[in-house]
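Since every read-out is calculated from the coordinates, none of them should be taken as a lab result. Computed from a prediction, not measured in an experiment: that's the story for all the values here. Quick reminder, even Gly has a Cβ in these numbers, built from the backbone with ideal geometry, and neighbours come from all protein chains shown.
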Amino acid sequence: MIRVLVVEDQKAMAGALNIAIDAQPDLVCVGAVATVEEAVPLVTACGPDVVLMDLHLPGADGIEGTRLIRADHPRTRVLLLTADARPGNLVAATSAGAAGFIAKDSPFSVVLAAVRAPAEGPMYVEESTLSLLVSALGSLPAGEARSGGEGPALTPREHEVLRLMGRGLGPRAIAERLVVSPHTARGHVKRIMAKLGAHSQLEAVVSAARSGLLREFREP
């Protein structure tokens, strides 16, 4: 069972998510709270695999909530529900460790698929939103973008895979593009994530964009 904690201050939305999650045979909602302040101790107490959290909340927002949760529970995936795709919010949230963004008006099927996705699976970020994020990070001054160092040494094939990851493709789509098996593509994605010290594909793309790797290996 995948354990999910919902953090949403709109009662109707929180209730609907709770019902939709509990109706699935492989998911269970371990709680639905309205604030980050309520969520943080529940993460410690209940150990959810996924936290589904609104970006805008009373008190601490979803960005700060992501930072607090990931600091003590780095293996917990935080998915942010948002209708606000401003680059500044996206950069801050991904830097805090968010594993993905889901539009608040997305159908429940999309939300549930994102909850079920493994860390190395396809990113649940709309293509336009991902482009905004990568562009915002890629346009940072070289010194600021590379503040974490020159970046890891990647093989030529890993650079190809990273470029496709930066376009939002998951292992299966990458396998089709490169004409390799899904198993091989997943292996490349996992190695790239390990080299970048990332726990999700989105985190890997953010790290690569910050280090300048995506800028260097962008398609013409």
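Put in line by how crowded their Cβ is, counting other Cβ atoms within 10 Å and starting with the fewest, Arg163, Arg191 read Arg191, Arg163. Tell me which of Ala114, Leu162, Ala14 sits at the most positive position along the dipole axis of the chain, charges placed on C-beta atoms (Lys, Arg +1; Asp, Glu -1). The listed residue farthest towards the positive side: Leu162.
Contact order for the chain, expressed relative to its length and based on alpha carbon pairs under 8 Å spaced 6+ residues apart, stands at 17 percent. Partner lysines whose Cα lies under 25 Å from the Cα of Lys11, excluding those fewer than 8 positions away in the same chain, are identified as Lys104.
Where only DSSP H runs of four or more residues are counted, the chain gives -15500 deg cm²/dmol as its mean residue ellipticity at 222 nm, each run worth -39500 (n - 2.57).
P(r) for the chain, from all Cα pairs and a bin width of 10 Å, is 8, 35, 35, 18, 4 %, short bins first.
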